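Read the figures in this text as sums done on the coordinates, not as results from a lab. Everything numeric in this text was worked out from a predicted model, so none of it was measured. Note that we place each Cβ from the backbone using ideal geometry, even for glycine, and neighbour counts take in every protein chain shown.
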């Protein structure tokens, strides 16, 4: 074959989806309206760790290291919006993207950067204050 038929086809455009996440105020409001204490604990745990619902539900005691304060995630079943909230709040509060990448389990930093490239109002205000300090 002298030509590659794939060369004759235009590649589809890469569609960039912005991750949905809650602000700190929205997160607190959400947690305050959850009446079931077990669900409330699960949602707060998800928000604090960035773990997905399926990861929390699949968690085994042997995966928790209380001395090192670490959890090894061995199962993933479904996605949950608190995962994005966790990462967005870390980014919004100046946590290094490499740390966020490792916590989320992304193999490359560009994946994390692509998903969480949105800019919150808090980040805009912080950047403006920094510029004010320069001048």
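Three semi-axes describe the equivalent ellipsoid of the chain; taken as square roots of 5 times the Cα gyration tensor eigenvalues and ordered largest first, they are 31, 25, 16 Å.
Taking 0.36 nm per residue of sequence separation and removing the Cα-Cα distance, the residue 26/residue 95 pair yields an extension gain of 22.8 nm.
Taking the fewest neighbouring Cβ atoms within 10 Å as the starting point, the ordered list for 29, 112, 23 is 29, 23, 112.
Coordinate range of the alpha-carbon atoms in region 1-75 per principal axis, descending: 65, 33, 21 Å. Running Debye on region 31-86 with equal point scatterers at the Cα sites and no solvent, what base-10 log of I(q)/I(0) appears at q = 0.22, 0.26, 0.31 Å⁻¹? So the normalised log intensities work out to -0.88, -1.10, -1.26.
Considering only alpha-carbon pairs that sit under 8 angstrom and 6 or more positions apart, the relative contact order computed for region 20-124 is 26 percent.
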